[in-house]
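The values are calculated or read from the model by the stated rules, or taken from the named source; none is laboratory data. Everything quoted here is computed from the prediction, not taken from an experiment. All Cβ positions, glycine included, derive from the backbone under ideal geometry; neighbour counts span all protein chains shown. Please note that ligands, DNA and RNA were not included when accessible areas were found on the heavy atoms of the full protein model with its side chains. Shrake-Rupley method; radii C 1.70, N 1.55, O 1.52, S 1.80 Å.
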Amino acid sequence: MNEDQYLKILHTYWGYEDFRGIQRQIIESIGEGRDTLGLMPTGGGKSITFQVPALAQDGVCIVITPLIALMKDQVMHLRKKGILASAIYSGMSRQEIITTLENSIFGGVKILYVSPERLSSELFVTKFRHMKVSFITVDEAHCISQWGYDFRPSYLQIADIRKLKPEVPILALTATATPTVVDDIQDRLGFSKKNVFRMSFRRKNLAYIVSHTLDKAQELLHILRDTQESAIVYVRSRRRAKEIATYLCDHQINATFYHAGLEPSIKDQRQKDWQEDRTQVMVATNAFGMGIDKPDVRVVVHIDCPDSIEAYFQEAGRAGRDGNDAYAILLYNNSDHRKLERRIADTFPEKSMIRQVYEHLAYFYQIGVGSGYGHTFEFDIDKFCRTFKHFPVQTDAALKILERSGYIHYEMDPDASARLMFLLGRNELYKLQETTPKEEAVITALLRCYGGLFTDYCYIDEGLIAQQAQLTSQQVYLILKSLSQRHIVNFIPRRKTPYITYTQNREDTERVLIPKEVYEERKEQFCQRINAMEQYATCNTICRSRQLLRYFGEKTMHECGRCDVCLAPSNDHIAPETFKKTKEVLLHLLGDGELHPIMELHQLHLPEADIQKALRYLIEEEEIILDGSRIKIKN
């Protein structure tokens, strides 16, 4: 495929005259059949890099992504352009999944989106063997790395799928990866040869600011009143999302909140209101933002400190994607240090506590030693914690560690959607006499919104039905229960209760082994990420943009000129020419490679402030090494 043909596809379907950044290089690489890793920051145009070559090649491109909202959104946009795209996700009936997979085999699909959890299903594997696959795309590829900030065990199944078609190339894409993670992604995906394309993570229009403030709520008001344009405020918890949104509304700022626990229809409506500027401020947990393409967000505020630079960079990067001036502001004070330290203890409780949770789980379900394998139980975490006097946050973390250690499967977010199937045929349904107008409205809404209800169970959204029937969700729920009792439908209400499956027989508690790579190594990585985040928040001597870029392995000598560090009036301000000369003098002094006492610097007859600023810079850039009260040049 030559370059002009790729351009023709780009222009025909997207209307762009040319590719941006490293898009062309990635497309040509995967088009030539080479395993390829693309590092592109948020807003860099990742989707073009697989959608264009997918249209240029025979067969179907499999796109693996954990983001169901993104799948639906991209499929809708692609279909509007006349591109054959489909997705497989929770909420589809078995027949719908079979139809989609068979369409992929017989040429009716060019781009197929699949969640990683689906890859191991017998149905998918069987159909996948018969597909002509052009290439496999792995979105959010950092999720496959145990060194990454968002490791997902389900991503490890991608390597197994690849073995079924070893000749098919793989395209991995991510917006956040340190040098270690970059290497790990390629190893875990079985790259035949290292092949990485990097786009600079530098965002010239985005000013990164850390605001040290005792009163975060008041500072947030000040920021949003100054901005008066589209904004996102990130918080740590669902409860806090509602609290902050209420606080803003009480102070005449048009805000709403968003988190994973809301009804799907409510989430969709709030997102739509915000995207169409009916709501100015979205207060949200990290459940909000993935795949959301709103280019005119002028400010992203983090009122709570994230766990990692990766998470912060990705969320902050949702500001200013239109190229105009925007701000990413982190509100920080001393209480954040204590909270971050607490997160380490909460995420990695003591091993004795983890074993105790395992033992109490067996008491909870009456599982004897040597039994339990394959048994699944609903898990009421509040009841469990009340019974055995555990804290929910640490219990949740202990169960995740037990899962990674191979003892249980802990499904925290089961497919909670309600399911429904009509028990009467279509003709019998029309002959029903004893239905109220509200029941008729619900039945009509069901038939309008969902196909296949007469042959199989379908997942339904009660909020959507309520909207269509002009009723409340509670009214819809009661009507569906009534129709179910009268054997008109079979209605299985939505269930939010997590569940636990024993993946091996119960062990004696003292024989429960928690591997080093599951506990010690991951705890160390987590601590490193927490420390890096704290260092970013508290370092007031190095340009914020340079700090972030350096974390991702990108060296730059350019000050952004826009962050709080660059703009801060300070007594140690130094002219660029003086700064350069002072650095050269220091490096000349240390040029012998020996350790020198810091006191020796006072003999250079240069202003103390100039020496201190140049010294801090050289230490931060790792050009010189600090060893107690002595320094030396780095070899």
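For residue 279, list long-range residues whose amide hydrogen, built 1.01 Å from N in the peptide plane, is under 5 Å from its own amide hydrogen. Those lying under 5 Å, H to H, from residue 279 are 274. In terms of its C-alpha gyration tensor, segment 204-279 comes out prolate, because a/c is 1.5 or above and the ratio a/b outweighs b/c. Take segment 500-635 with all the other protein chains still there, run a 1.4 Å probe, and you get 56 Å² of accessible area per residue. For segment 18-83, place one equal point scatterer on every Cα, skip the solvent, and apply the Debye formula. What is log10 of I(q)/I(0) at q = 0.18, 0.29 Å⁻¹? Log-scaled intensity ratios, in q order: -0.75, -1.46.
Cα centroids of segment 526-557 and segment 1-54: 31 Å apart.
For segment 483-635, the Kirkwood estimate of the hydrodynamic radius, built from every pair of different alpha carbons, is 20.8 Å. Placing unit charges on the Cβ atoms only, positive for Lys and Arg and negative for Asp and Glu, gives segment 337-461 a dipole magnitude near 500 debye about its Cα centre.
In units of the compact-protein estimate 2.2 N^0.38 Å, segment 81-197 shows a Cα radius of gyration of 1.10. Solvent-accessible area of the chain (1.4 angstrom probe, protein heavy atoms only): carbon and sulfur portion equals 48 percent. Multiplying the residue separation of residue 603 and residue 577 by 0.36 nm and removing their Cα-Cα distance gives an extension gain of 7.3 nm. Only one residue of 505, 556, 614 has its Cα farthest out toward the positive end of the dipole of the chain, where Lys and Arg carry +1 and Asp and Glu -1 on Cβ, and that residue is 505. Reported to the nearest whole Å, the Cα centre-to-centre distance from segment 79-131 to segment 250-291 is 30. Label positions at residue 269 and residue 129, each projected 7 Å from the Cα along the C-beta direction, are separated by 4.8 nm. According to the calculation over all Cα-Cα pairs in segment 458-534, the P(r) per 10 Å bin from zero is 14, 23, 15, 14, 25, 10, 0 %. Axis of helix 608-620 versus longest Cα principal axis of the chain: the two differ by about 40°, to the nearest ten degrees.
Highest mean packing comes first when the peptides 110-123, 551-564 are listed by Cβ atoms within 10 Å, giving 110-123, 551-564. Distance between Cα centroids, segment 327-380 to segment 144-160: provide it in whole Å. The distance from the Cα centre of segment 327-380 to that of segment 144-160 comes to 20 Å. For the chain, the Kirkwood hydrodynamic radius comes to 27.8 Å, computed from all pairs of different C-alpha atoms.
The calculated P(r) of segment 61-111, using every Cα pair and 5 Å bins from 0, goes 5, 20, 30, 30, 15, 1 in percent.
Simple point charges give the picture: +1 on the Cβ of Lys and Arg, -1 on the Cβ of Asp and Glu, and for the chain a dipole about the Cα centre of about 1200 debye.
By the rule of a C-alpha distance below 12 Å, with chain neighbours fewer than 8 residues away ignored, the aspartates and glutamates paired with residue 132 are 58, 102, 167.
Ranking 83, 179, 568 by how far each Cα lies toward the positive end of the dipole of the chain (charges on Cβ) leaves 83 at the top. With 18 Å as the limit, write out which pairs from 216/339; 72/127; 555/581 have Cα-Cα distances beyond it, or answer none. Violating the 18 Å Cα-Cα cut-off are 72/127; 555/581. For residue 438, the lysines whose Cα comes closer than 17 Å to its Cα, not counting residues fewer than 8 places off in the same chain, are 481.
Of the residues 297, 370, 316, the one whose Cα sits farthest towards the positive end of the charge dipole of segment 274-383 is 370 (charges of +1 on Lys and Arg Cβ, -1 on Asp and Glu Cβ, taken about the Cα centre).
Residues in segment 83-143 average 39 Å² of solvent-accessible surface per residue, probe 1.4 Å, ligands and nucleic acids excluded. From most to least packed by mean Cβ count within 10 Å, the peptides 505-511, 95-101, 58-64 give 58-64, 95-101, 505-511. The alpha-carbon of residue 8 sits under 16 angstrom from the alpha-carbons of these lysines, leaving out residues fewer than 8 places away in its chain: 81. To the nearest 10 degrees, how steeply does helix 351-365 sit against the main Cα axis of the chain, on a 0 to 90 scale? Taking Cα atoms only, the helix is inclined about 10 degrees. Any idea what angle helix 216-227 forms with the longest principal axis of the chain, computed on alpha-carbon atoms, 0 to 90 degrees, nearest 10? Approximately 90 degrees, to the nearest ten.
Under the rule a/c < 1.5 gives rounded, and otherwise a/b versus b/c splits prolate from oblate, where does segment 248-351 land using the Cα gyration tensor? In terms of gyration-tensor shape, prolate. In segment 157-253, one over the average inverse separation of all distinct C-alpha pairs is 18.2 Å, which is the Kirkwood hydrodynamic radius. Charge dipole (Cα centre; +1 on Lys/Arg Cβ, -1 on Asp/Glu Cβ; no other charges) of segment 400-493 amounts to roughly 120 debye.
Solvent exposure of segment 258-299, expressed per residue, is 42 Å² of accessible area, with all protein chains present and a 1.4 angstrom probe.
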